[in-house]
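Down below is the structure, laid out as structure tokens.
Rule-based calculations on the coordinates, nothing more; no lab input. Note that the coordinates shown come from a computational prediction; the quantities given were computed from them, not determined experimentally. So basically every Cβ, Gly included, is an ideal-geometry build from the backbone, and we count neighbours across all protein chains shown.
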Amino acid sequence: MKRDARHYIMLSVGWFFIILGILGLFLPILQGILFLAIGMVILSRRSPRVRLMIRKLAKKYPAFGKALKEARIRVDRLREKFGRKKPASSK
């Protein structure tokens, strides 16, 4: 039950950032692309469909793929620093 609750919380947080990103595309105050990227990264942890979409974007836009790879390396370093285990599938 705890895993199910965490799953739905992460999905909710991811979609919240996606909605903020969409609003940010139209409102000058919010950074739309940033919130969309954060939402997609959060959702990619739980959704195979979003994970596939990110892989396609990384293949189509190499700069995005490089930035994503560097961000994952930073996250792994932070996890090691704070003693959290590395997830089984970090690709």
Sites matching chymotrypsin sites (Phe, Trp or Tyr not before Pro) across region 10-91 that sit in DSSP coil, with at most 12 neighbouring C-beta atoms within 10 Å: F82
Highest-fluctuation residue, V13, V75, V50 considered, GNM on the chain with Cα pairs under 10 Å: V75
For the chain, built as a Gaussian network whose Cα springs stay under 10 Å, the top-fluctuating residue of G39, G14, G65: G65
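Any idea what the dipole of the chain comes to, in debye rounded to 20, about its Cα centre with Lys/Arg Cβ at +1 and Asp/Glu Cβ at -1?
Numbers: 22 positive and 4 negative charges, 123 e Å.
Using only the charged Cβ atoms, the result is roughly 600 debye.
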Dipole axis of the chain (+1 Lys, Arg; -1 Asp, Glu on Cβ), positive-most option in S44, F17, I73: I73
